[in-house]
1. How many residues are closer than 21 Å to THR41 by Cβ, touching a residue at least 24 places away in the same chain (Cβ under 8 Å) and not in a strand (DSSP E or B) when one looks only at segment 159-190?
2. Can you tell me which residue within segment 255-267, out of those that are free of Cβ contacts under 8 Å to residues at least 60 places away in the same chain and charged (D, E, K, R), is most open to solvent (accessible area, probe 1.4 Å)?
3. For segment 290-316, name all the residues that are closer than 26 Å to GLN111 by Cβ, more than 15 Å from the chain's Cα centre (by Cα) and buried (at least 16 other Cβ atoms within 10 Å of the Cβ).
4. Does segment 79-88 hold any residues that are assigned to a helix (DSSP H, G or I) and β-branched (Val, Ile, Thr), and which are they?
5. Which pairs turn up if I take residues in segment 191-214 that are over 22 Å from LYS65 (Cα atoms) and open to solvent by 10 Å² or more (accessible area, probe 1.4 Å) and look for partners that are polar (S, T, N, Q) and in a helix (DSSP H, G or I) with beta carbon separation below 6 Å, at least 6 apart in sequence or on another chain?
6. In segment 144-170, how many residues are surrounded by fewer than 19 Cβ atoms within 10 Å (Cβ to Cβ) and of a type outside the set (Phe, Trp, Tyr)?
7. Among the residues that make up segment 109-124, is at least one of them touching a Ser or Thr at 6+ places or on another chain (Cβ under 9 Å) and in contact (Cβ under 8 Å) with a residue 40 or more places away in the chain?
8. Filter segment 282-319 down to residues that are among the basic types (Lys, Arg) and not in a loop (DSSP other than H, G, I, E, B), then give me how many there are.
Amino acid sequence: MKPIYLYLPVCVLGIPMLVGLLVASGQSDSPSAPADTSFQTEVTKLDQELQKDGHTLPDALGMQKLARQDPVAFLENCIRYYDRDVHGYRLIMQKQERLPTRLPIEKRKLQKKEVIEVCFKDKPHSVFMHWLEGERLADRCLYVEGENDDMILVHPSGIAGKFVKFVKRKVDGSEAQESGRYTLNLFGIKNGTLRTLTFCKKAQEKGTLHVEYYGADGQWHACGPEANVSLGEQKVAQAGNRSCYVLRRHYTEPENDGVMELTLYIDKQSWLQVGSIVEGKPEEPNGKRYLIGEYYFRDIELNPQFSDDQFKEAAVAQK
């Protein structure tokens, strides 16, 4: 066996080269194809409409009734409750997705599970993430709308992170798009519900909306005015054993990344979407739907008092 000191020159030369390549890749981030912003425009418009309508919020019994009979109105009121009660949070997110997004959904690799500490603030839209498990290229990142040249600050994982405080990446650049199904400027519990609601409303207009609810009898029942079985609930382990109402949407044709089935878990106390499972068409030979992505939020602390540097460079560059 060769003495380890013989490898030191390689390490000394190789590490700076690795760091240099990492930084250079950010400076020469090749422009990605322009994103289709038409759908996000619809989401933003819907958000603005809900904020302006002055709708009276139903109580808990009213929400239960809506979940069974009118899931679109139910989700609208989930957004209204969020707007009334929430302006930020700290939580643990668990997710698993098929990436990279440049490939057709069937050819994407199902990545390993990621567990991430998240700090989020609505105004300005601010996201800090610290990977606890399953990190790939980054172990910390920060995005604050309108700051840092409207770019993400990324702390590299592994050995490169020992030499680089952070690098900058375009929030909607190619690397960001390959790191998750939605970029950080679109992140958030509310944004997830808004996207779901927008698709549901579009399907409702076409007459193709099919939503079921999990009943108190342990069976699935079609949502609608004739629904008469009481709403059931499930304790969701990945969401910290929170008791949730469960809705499931079936798609008549693939939407948004080939989605054919969506299961939502709505916390029965906060009306937050604390879990979702996104699946595609059934696969042969067992006929089970393939997983596109699943997302859970637990240990949720609403409206915390963040430290002064929580959404500053220091949070990303810390050792």
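The values are calculated or read from the model by the stated rules, or taken from the named source; none is laboratory data. In this text the structure is predicted, and so the values were computed from the model without any measurement. Virtual Cβ from ideal backbone geometry, glycine too; neighbours counted across all protein chains shown. Heavy atoms of the whole protein, side chains included, go into the accessibility calculation; ligands, DNA and RNA do not. Shrake-Rupley method; radii C 1.70, N 1.55, O 1.52, S 1.80 Å.
1. Within segment 159-190, the subset closer than 21 Å to THR41 by Cβ is 170-173, 176-177, 180-190.
Remaining after also requiring touching a residue at least 24 places away in the same chain (Cβ under 8 Å): 170-173, 176-177, 180-181, 184-190.
From what's left, not in a strand (DSSP E or B): 171-173, 176-177, 180-181, 184-190.
Summing the residues that are closer than 21 Å to THR41 by Cβ, touching a residue at least 24 places away in the same chain (Cβ under 8 Å) and not in a strand (DSSP E or B) in segment 159-190 gives 14.
2. GLU255
3. Passing the criteria: TYR290, ALA315, VAL316.
4. Looking only at segment 79-88, we keep the residues that are assigned to a helix (DSSP H, G or I), and these are 79-85.
Of everything in segment 79-88, just one residue is assigned to a helix (DSSP H, G or I) and β-branched (Val, Ile, Thr), namely ILE79.
5. Close Cβ pairs satisfying both conditions: none exist.
6. Kept after step one, since they are surrounded by fewer than 19 Cβ atoms within 10 Å (Cβ to Cβ), are these residues of segment 144-170: 145-150, 157-160, 162-165, 168, 170.
Going one step further and asking which of them are of a type outside the set (Phe, Trp, Tyr), we end up with 145-150, 157-160, 162, 164-165, 168, 170.
So the answer is 15.
7. Yes, some residue in segment 109-124 is touching a Ser or Thr at 6+ places or on another chain (Cβ under 9 Å) and in contact (Cβ under 8 Å) with a residue 40 or more places away in the chain.
8. Within segment 282-319, the first condition is being among the basic types (Lys, Arg), and the residues that meet it are 288-289, 298, 312, 319.
Next, from what is left, pick out any that are not in a loop (DSSP other than H, G, I, E, B): 289, 298.
Residues in segment 282-319 being among the basic types (Lys, Arg) and not in a loop (DSSP other than H, G, I, E, B): 2 in total.
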